[in-house]
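The values are calculated or read from the model by the stated rules, or taken from the named source; none is laboratory data. Everything numeric in this text was worked out from a predicted model, so none of it was measured. A quick note on method: Cβ atoms are made from the backbone with ideal geometry, for glycine too, and the neighbour counts reach across all protein chains shown.
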């Protein structure tokens, strides 16, 4: 199952990538939303190979996901490999310069079931796909507006 979102950011591509790859800020934001995030590597600075364990509530159950930053191509792309007990997938974040002051962000998330229980979960997600797509779009748009504000406040 695939989910995607596309947003235009009012900032240069270099600044957009720097803010999006501020993983400590992302971790804090997710924790404020109720997720538990723990780094599971010894790497410093944003780079390929970083790993996290994330726990959050979904459909009334606690879920755990291992996340690995598998592609880190500054100003262009980040890909996160996702693995849980029954699901695997990728979250692919790509940036493209529209103008010197505008950047387009494309986020694509693909999830695949590995177990029967995960297949059942995917069926319920498919039934709610329109609402989930809208929630993803709203969350991405809200996050982009927040980092645009940070950029313009400090820029």
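Worth a mention:
- Here the stretch 6-22 is the region considered, the condition is being in a loop (DSSP other than H, G, I, E, B) and under 16 Å from the mean Cα position of the chain (by Cα), and the residue that is surrounded by the fewest Cβ atoms within 10 Å (Cβ to Cβ) is 22.
- Members of the stretch 57-83 that are buried (at least 16 other Cβ atoms within 10 Å of the Cβ), touching a helix residue (DSSP H, G or I) at 6+ places or on another chain (Cβ under 8 Å) and at pLDDT below 95: 75
- Only one entry in 118, 91, 97 is more than 20 Å from residue 67 (Cα to Cα), surrounded by 13 or more Cβ atoms within 10 Å (Cβ to Cβ) and touching a strand residue (DSSP E or B) at 6+ places or on another chain (Cβ under 7 Å), namely 97.
- Tallying residues that are outside any strand (DSSP E or B) and over 19 Å from residue 35 (Cα atoms) within the stretch 51-85 yields 3.
- When residue 86 is tested against (1) touching a helix residue (DSSP H, G or I) at 6+ places or on another chain (Cβ under 9 Å); (2) at pLDDT 95 or above, exactly one condition is not met: (2).
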